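Inspection log for the structure reproduced underneath, given as structure tokens.
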Amino acid sequence: MSLLTLRGRWVGGAHRPGRSFQGVVEEPGSTGLRPGDPVTVRFEAGTDEGPQARAHGRYHLEGMPARTFVLVSFTCQDRDPSDRAVLEDSEQVWGGEVFTRA
């Protein structure tokens with residue numbers, strides 16, 4: 001596992017479909033990305049239906065194959081994590097652990 005750090009903004013209202021974090025890479029971790037590369041992170045809501053139920057959902061780093069990379073967490077790095085990112089005009093540093101599947 002390694003830490004991925006991004007600088008950018010949330011786009012779209014909280015709890016709205018299509019909400020995403022759009023920014024650039026600051027620390028790429030083991031992803032193969034480079035500092036300055038543009039990235040988008042989306043939250044895929046979970047479901048409580050069927051045998052593959054996911055209660056909470058997961059973050060998805062677009063452009064990175066899910067079969068190779070899993071973004072395990074995604075939290076604010078430059079302010080109190082309990083401060084939700086609701087201001088779209090505020091650039092923030094967010095990051096998370098990236099798990100590389102063997």
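Near the amide H of Gly29, within less than 5 Å, lie the amide hydrogens of Thr5, all on another chain or at least 5 residues away, with H placed in the peptide plane. The modelled label-to-label distance between Val24 and Arg101, using points 7 Å beyond Cα along the C-beta direction, is 3.2 nm. Stretching Arg79 away from Ala14 to a fully extended chain increases their span by 21.6 nm, per 0.36 nm per residue minus the current alpha-carbon distance. Between Asp37 and Ser90, the simple label model (points 7 Å from Cα in the Cβ direction) yields a spacing of 2.9 nm.
Neighbours of Leu3 by Cβ distance under 15 Å: Lys/Arg scored +1, Asp/Glu scored -1, total -3.
Each reported figure results from applying straightforward, stated rules to the coordinates on display, with no laboratory input. Worth saying up front: this structure is predicted, and the values here are computed from it rather than measured. Note that each Cβ is placed from the backbone with ideal geometry, even for glycine, and that neighbours are counted across all protein chains shown.
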